[in-house]
1. Just need a number here: residues in region 213-236 that are away from the ligand (no atom under 11 Å from the Cβ) and either crowded, with 24+ Cβ neighbours inside 10 Å or among the basic types (Lys, Arg) (or both).
2. For region 142-161, what are the residues that are within 14 Å of the ligand (Cβ to nearest atom), in contact with a Leu (Cβ under 7 Å, 6 or more places away or on another chain) and not β-branched (Val, Ile, Thr)?
3. For region 48-58, give me each residue that is among the β-branched types (Val, Ile, Thr) and within 13 Å of the ligand (Cβ to nearest atom).
4. Can you name the residue in region 1-47 that is basic (Lys, Arg) and within 16 Å of the ligand (Cβ to nearest atom) and, of all such residues, is nearest to residue 106 (Cα to Cα)?
5. Please find, among 201, 139, 164, 111, the residue that is more than 14 Å from the ligand (Cβ to nearest atom) and under 21 Å from residue 18 (Cα atoms).
6. Among the residues of region 114-141, write down those that are without any contact (Cβ under 8 Å) to a residue 12 or more places away in the chain and under 20 Å from residue 196 (Cβ atoms).
Amino acid sequence: MVTLSPALKARLALPLKIGQFEVNSRVLQSPLSGVTDLVFRRLVRRYAPTSMMYTEMVNATGLHYVKQLPKIMEIDPNERPISIQLFDCRPDFLAEAAQMAVEEGADTVDINMGCPVNKITKNGGGSSLLRQPEVAEAIVRSVVKAVDVPVTVKTRIGWSDKEINAVEFAQRMQDAGAQMLTLHGRTRAQGYNGPARWEWIARVKEVLSIPVIANGDIFSVEAAVRCLEMTGADGVMCSRGTLGYPFLVGEVDHFLKTGELRQPPSPVERLQCARDHLEMLWEYKGERGIRQARKHMTWYAKGFPDAADLRGKLAVIENLEQGLNLIDQAIERLQYLSWGSAEAETPQLVEAW
Ligand SMILES: Cc1cc2nc3c(=O)[nH]c(=O)nc-3n(C[C@H](O)[C@H](O)[C@H](O)COP(=O)(O)O)c2cc1C
């Protein structure tokens, strides 16, 4: 049974201050490429209305040459607080992109210095900046100069076990003007394997004066509390735990504010959320939205009888009607089996991802 100590509750009671910008939640929804579009963020906000969200990462070089706002950079005028995340290795292009982000309505601009994907690192972006701290520093300085909203950095603890430089790197980002640092407790070499090493987040927190957000393996309220206790971080960022489970940020936020566990959604409620997700993707992106919905739908369909069969069918849907029919039939079956009640067992599907 997870409990909220009075000390932790008091420490997190005040708003999160990112420079002059205040956020009334200590739980953030991470940027997830291919996932955290405007539709997904809208779902997360249903349960976590005050949490900070991030767009998918946007390529600054692409923006420089195309000069047109890509769909992944779109912000709903009503959604706040919101950060646009950028990646690149060119300080001038990033400064230009940051100005476009602010024009679009970003409350903060985040620079991705943690992406491990080869396509990004071989061009000098993402986590490869951990090996080029002078370039990373020039980027932060250039973006800070270009915009009047806070500039933040999201990074990893190092390139590999032999090159863990989180503490020096973080200090350097702060000195360059970053107003918040999110630290994913893995090296680039780890990818997403092995446990996140929260002890490094604690070390970074000890030396920085700007807020430090802990990231990596926050799959439950219990993990969030353990991580906050262990690291002393100013907040936590949920990532893979939200795939097919946009309830997580709200669950953690609610617990940190009240000390009470929110009733987890029943399998039927999760499928109803999947249904909304599918419809909203169709409305926002049309045919492309249906193709993108396939993976989301399979993430929702977990933890109830015949879920594997449903996943197989949802993975190949061709249109809205087909997807809605499959979900409606599954809901009907679960209601017949009484899996729709709040008391129904809700397996920790997010841990299984
Ligand atoms: C599918 C996927 C897409 C991601 N896209 C981004 C991204 O666009 N920007 C970013 O900073 N991190 C991205 N990440 C990394 C996550 O934000 C997060 O740092 C990482 O998953 C660690 O947290 P976790 O262990 O809780 O999943 C992505 C991760 C995944 C699995």
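The values are calculated or read from the model by the stated rules, or taken from the named source; none is laboratory data. These numbers come from a predicted model, not from an experiment. All Cβ positions, glycine included, derive from the backbone under ideal geometry; neighbour counts span all protein chains shown.
1. Matching residues across region 213-236 total 4.
2. Within region 142-161, just 156 meets the criteria.
3. Those that are among the β-branched types (Val, Ile, Thr) and within 13 Å of the ligand (Cβ to nearest atom): 55, 58.
4. So the residue we want is 41.
5. 139
6. Within region 114-141, 117 is the sole residue that qualifies.
For (1) touching a helix residue (DSSP H, G or I) at 6+ places or on another chain (Cβ under 8 Å); (2) without any contact (Cβ under 8 Å) to a residue 12 or more places away in the chain; (3) among the aliphatic types (A, V, I, L, M); (4) within 21 Å of residue 245 (Cα to Cα), each residue gets a yes or a no:
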| residue | (1), (2), (3), (4) |
| --- | --- |
| 4 | yes, no, yes, no |
| 20 | no, no, no, no |
| 25 | yes, no, no, yes |
| 32 | yes, no, yes, yes |
| 37 | yes, no, no, yes |
| 58 | yes, no, yes, no |
| 88 | yes, no, no, no |
| 95 | yes, no, yes, no |
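Per-residue answers, yes or no, for (1) outside the structural domain of residue 89 (by TED's automatic domain parsing); (2) part of a helix (DSSP H, G or I); (3) surrounded by fewer than 24 Cβ atoms within 10 Å (Cβ to Cβ):
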residue: 136; (1), (2), (3): no, yes, no
residue: 143; (1), (2), (3): no, yes, no
residue: 154; (1), (2), (3): no, no, no
residue: 162; (1), (2), (3): no, yes, yes
residue: 168; (1), (2), (3): no, yes, yes
